[in-house]
Amino acid sequence: MQSVDLGARRYIWCRGQAAWLMGPPAAQWLEDLRGALAAGQSGLARHVSRQLAEDCAVMLALTLTYGRPIPEPNMRGAWALERLADHPVGKDCWELIRGLEELPEDDVLVERCAMLQQKAREVVGHVPDALTPEGYYPALGLAREWIELVSSVGESGFLPSEWTRGTDA
Amino acid sequence: MTTVQDKRVEELAARVREFHGVELSEVLEIIDYLRDGEDSVLVGGSLAYGLGNQKSDLDIVVAGRATKESSSRMPLEHFIETLRVDVWKLREDEIEELFQRAQRGLESDAPFEGAFGDVFEQADLKLLHRVAYGVIIDGPALLPAGTRNYREVARDLLVREYAERMRHALYVSQLALGAQQFAAAAMNARFGVEDALQAVIASRGLPFSDNKWLQVRLEKDTPDLREVYRPFAVLPEGGAATKKFVEAAIEQVEKLSGLRLDADSLSSDASWEAPDLRLVPAGDLRALVSPEQDVVFELDANEADAWKALDGGPPWPCASCTDIQMKVCYRLYANGMAKLLWARGLPLDRLSMKGVSVDAER
């Protein structure tokens, strides 16, 4: 057994935010990147690699430094990078968030982004992609378990408000 | 004779066939169970707007006079081969109410502040544009009953939404620069330019596609704006380069929007809010505590005095804050513990980018 030397609320909140707010989009960005490169859409590839790096940085900041709360979207990247300043992956994230002067070969860029995503997954855990046929039901099942877990420590859920509008009453 | 509508359906069908090997007839068949009577089927999203690729999904609105029940805010997902089909079913009165709410928002001086969807979901913004600009693949056109032209409302709403985001980002950029947070300064300067370009693109009557398509759209649909973006695509490193970058972003966006966007000009409308925090001194420890968020900050003596001296409120108007109060509030904001609010929105008559429609039939 491994004890967690952190308050239960903060630990579960940070893990839940990392897994659910950031995990599914990061998985989707990698698919978007492959689609962009296959279609020769370099502008999309630039944007997607930047977003993927930002989401990975936020996931890692949440699960390595347990920062709470998460600032609003325009501050998240900087917030995460500041927290990852001494972590080797912080530099990888910054280079992609900053933007690439020249796009590398397609497979090099995909590999770079996939590696970043893999590093985040190793820490955060895997969340099935609800936007694919094979991931849809597993994601729903896992979400249900996570809602129970965050509720058990008195925290509110992590799903976007627009998913749950009208269900709070 | 081929109409604009026929041409749009043909182009959409070709893209769906090319990227997914799926026919629109198959799409209609799989969502048929959702239609009441002669409900219309509108397709929005990147594939309908001449963007997209093999990973793009199809966003569909089913609506009409006969529609009985609406679906939830979450789309109903369907899969045909590699194509994901997301469907929202809406009653006509709900669509009308959404456009009327948008119209009221446009007539008001109050800032939007996420009233039409947060930055990630942007649900209402996307829905308005799906209805206004979507390709009708079956059924009659949806016509507004209580508001002006759907496209005008959707266009104006997007222009204002992005203009307000642009103002916010550029103010934050300048505050971050003052706090020597160079990554935050540069990132927000770039956001400001991107938001401004989105507002300009919307003002030209192009349907909404979120930020991930911005660079593709600059290449494809608005090449005159491509060079505007180029200097801001890659962020600088270091303090001096970031200062120049932020200044250049402000100058460029002022040209695009016709607004004054220096920090002094913006501060008169901005204020801070941090309702969860209270200062609890205990000997030498000056703890700024949020029990709700399970968060505590330690302040030094000067910061604690500055915090105590914040008048009444919140909100605290930025124009009335001292330098040290601004620094404390900015640091709280950067850590998610304070909000930056705006007293006024940006009605279109304050913007020079408003209402230029170059291709209304697109």
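Here, each number is a calculation from the coordinates, and none is a lab measurement. From a predicted model like this one, the values you see are computed outputs, not experimental measurements. Glycine gets a Cβ as well: all are built from the backbone with ideal geometry, and neighbour counts include every protein chain shown.
Structure summary
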item	result
Overall form of chain B per C-alpha gyration tensor (a/c, 1.5; a/b vs b/c)	prolate
Sites B:Gln293 and A:Glu101 - FRET efficiency at Förster radius 56 Å, r taken between beta-carbons, to 0.05	0.90
When the protein assembly as shown is reduced to its Cα atoms, the Kirkwood hydrodynamic radius in Å	24.5
Student exercise, chain B dipole from Lys, Arg, Asp, Glu Cβ charges, in Debye to nearest 20	780
Among B:Ser25, B:Ala14, B:Val41 the positive-end extreme of the charge dipole of the stretch B:1-42 (Cβ point charges)	B:Ala14
Net lengthening on full extension, B:Asp264/B:Leu76 (0.36 nm per residue, minus Cα-Cα)	62.9 nm
Where GluC sites (Glu not before Pro) fall in DSSP loop in the stretch B:22-108, at most 12 other Cβ within 10 Å	B:Glu38, B:Glu69, B:Glu81
Extension gain from A:Val4 to A:Ala85, taking 0.36 nm per residue of separation minus the Cα-Cα distance	26.8 nm
Ranked list, fewest to most other Cβ atoms within 10 Å of each Cβ, for B:Leu128, B:Leu142	B:Leu142, B:Leu128
Whole-number percent relative contact order across chain A, with pairs defined as alpha carbons under 8 Å at least 6 apart	30
Global form of the stretch B:4-148, assessed from the alpha-carbon gyration tensor, a/c cut-off 1.5	prolate
Alpha-carbon centroid distance for the pair the stretch B:78-114 / the stretch A:78-104, whole angstrom	35
